Amino acid sequence: MTNPDPATLTLRPLGLQGPSEAEAAAAGPGGRPNGKAPAVLRRLAGGPLAFGHCEAVWREEGRRERAVLTLADLPHWAERRAPGQSRVAEALLERLSRPRPPLAGLSLDRPRIMGILNVTPDSFSDGGDRVDPEVAVRDGLAMLQQGADIVDVGGESTRPGAKPVSLQEERARVLPVVRALAGAGACVSIDTRHAAIMREAVAAGARIINDVTALSGDPDALSAAAEAGVPVVLMHMQGDPQSMQQAPRYDHVALDIYDYLAARLEACTAAGIAADQVVVDPGIGFGKTVTHNLQLLEQIALFQGLGCPVLLGASRKSFIGKLSRGEPAKARLPGSLAAVLFALQRGVQLLRVHDVAETRQAIDVWRAMTLAPSGFEAPDSAAPPLV
């Protein structure tokens with residue numbers, strides 16, 4: 001994959017700090033380290049984490065330039081790359097720091113959990129567990145009790161090597177479950193790449209469309225999502241489920257996927273889907289090697305520059321077993337939680353997981369520790385300005 005634009009600036013927030021860390025960074029002799037004024041910080045997506053530096057990457061005609069800069073220095077550095085780029089840098093910073101609006105009625109002032117409810121016989125982790133609609137509905141309701149904010153219902157496996165199913169089969173699997181859960185008051189998302197299923201699931205009560213092809217796998221998907229008027233999750237996948245793990249390659253995995261999702265955002269806007277109705281998902285494990293997955297996780301804050309909430313779906317993925325002792329899917333909970341906590345520290349707003357109760361507990365403890373006061377009463381002069 002290559003950069004589609006002749007010149008592109010991207011920003012990745014670095015050194016993300018919780019409130020007490022930001023306070024401590026500003027507190028020194030006389031309330032200011034080395035007598036200097038505290039650095040300007042911005043909140044990441046309006047959340048609890050703040051940043052004062054960015055990794056800036058300038059790409060032009062196959063050439064890449066990279067620098068780590070304070071927020072104050074960034075516009076000047078960008079302007080030296082090309083006239084007008086200081087305004088681009090300011091716009092990117094605004095997108096990085098802008099609070100994310102509610103999603104399907106859910107505020108994003110805290111991390112949200114999307115529970116995975118596969119009603120398939122062949123999903124990689126839970127295939128066959130919920131082929132009975134009554135079992136699926138029971139488990140979906142249990143997820144809500146355990147702390148899920150969204151229940152993601154999928155009727156077609158997209159694991160590596162999976163074969164597509166007919167619309168008739170997918171419809172029979174998902175619609176009764178969507179209808180029952182929505183009727184019980186659940187916020188349901190429909191995990192599908194088919195326009196017909198999107199329309200029917202939304203009519204049955206689904207409030208979010210989650211598409212592994214980023215609304216590109218079906219020629220009618222963009223119009224179906226626009227007509228439905230519900231939020232959409234755009235995921236990146238290189239290739240298709242049958243071929244995606246056959247030697248995936250990237251020039252730079254995070255930048256390539258950033259460009260892809262930016263283009264899909266533009267396609268959504270052109271189709272009439274409001275930008276504030278879009279969530280982006282870099283697609284861990286979908287056409288990626290273990291190294292690609294690790295690089296994406298390490299750089300996942302980059303995707304906040306698209307101005308959308310970011311979703312992570314790393315739960316029970318094979319890279320966890322490959323990094324550990326080859327554990328089977330259902331024995332990868334500790335590694336899944338490690339990925340969740342790593343992503344939270346980089347600002348991810350939505351976590352798509354199998355193990356809802358355990359993830360809820362991990363998030364609650366992480367959030368409490370992140371927001372814990374320092375115990376020191378910092379003078380106003382020591383507090384770094386947040387913009």
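The values are calculated or read from the model by the stated rules, or taken from the named source; none is laboratory data. Since the model is a prediction, treat every value here as computed from it, not as a measurement. As a convention, Cβ positions derive from the backbone with ideal geometry for all residues, glycine included, and neighbour counts pool all protein chains shown.
Quick grid of which residues meet (1) touching a Leu at 6+ places or on another chain (Cβ under 8 Å); (2) over 20 Å from PHE286 (Cα atoms):
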{"residue": "ALA186", "(1), (2)": "yes, yes"}
{"residue": "ASP191", "(1), (2)": "no, no"}
{"residue": "ALA196", "(1), (2)": "yes, yes"}
{"residue": "ALA204", "(1), (2)": "yes, yes"}
{"residue": "ARG207", "(1), (2)": "no, yes"}
{"residue": "GLY217", "(1), (2)": "no, no"}
{"residue": "GLU227", "(1), (2)": "no, yes"}
{"residue": "VAL233", "(1), (2)": "yes, no"}
(message) Condition first: farther than 16 Å from MET237 by Cα and of a type in the set (Phe, Trp, Tyr). Now tell me which residues in region 275-316 satisfy that.
(response) none
(request) Could you tell me whether VAL280 is farther than 24 Å from CYS54 by Cα and crowded, with 24+ Cβ neighbours inside 10 Å? (result) no
(message) When the residues of region 166-187 are narrowed to those that are β-branched (Val, Ile, Thr) and touching a residue at least 40 places away in the same chain (Cβ under 8 Å), which ends up farthest from SER243 (Cα to Cα)?
(response) VAL177
(message) For region 1-19, give me each residue that is modelled with pLDDT under 65 and over 19 Å from ARG87 (Cβ atoms).
(response) MET1, THR2, ASN3, PRO4
(message) Checking the conditions here, which among LEU296, LEU350 is under 17 Å from MET114 (Cα atoms), of a type outside the set (Val, Ile, Thr), assigned by TED's automatic domain parsing to the domain that holds SER157 and buried (at least 22 other Cβ atoms within 10 Å of the Cβ)?
(response) LEU350
(request) Considering every residue within region 232-245, establish whether at least one is modelled with pLDDT of 95 or more and surrounded by fewer than 21 Cβ atoms within 10 Å (Cβ to Cβ). (result) no
(message) Which numbered condition in (1) part of a loop (DSSP other than H, G, I, E, B); (2) in contact with a strand residue (DSSP E or B) (Cβ under 9 Å, 6 or more places away or on another chain); (3) more than 25 Å from CYS187 (Cα to Cα) is the only one that CYS308 fails?
(response) (3)
(message) Can you pull out every residue in region 153-204 that is over 18 Å from ALA224 (Cβ atoms) and within 23 Å of the chain's Cα centre (by Cα)?
(response) SER157, THR158, ARG159, PRO160, ALA186, CYS187
(message) Tell me yes or no: at least one residue of region 317-337 is of a type in the set (A, V, I, L, M) and buried (at least 23 other Cβ atoms within 10 Å of the Cβ).
(response) yes
(request) Hey, can you tell me all the residues within region 152-197 that are farther than 19 Å from ARG130 by Cβ and crowded, with 24+ Cβ neighbours inside 10 Å? (result) ARG193, HIS194
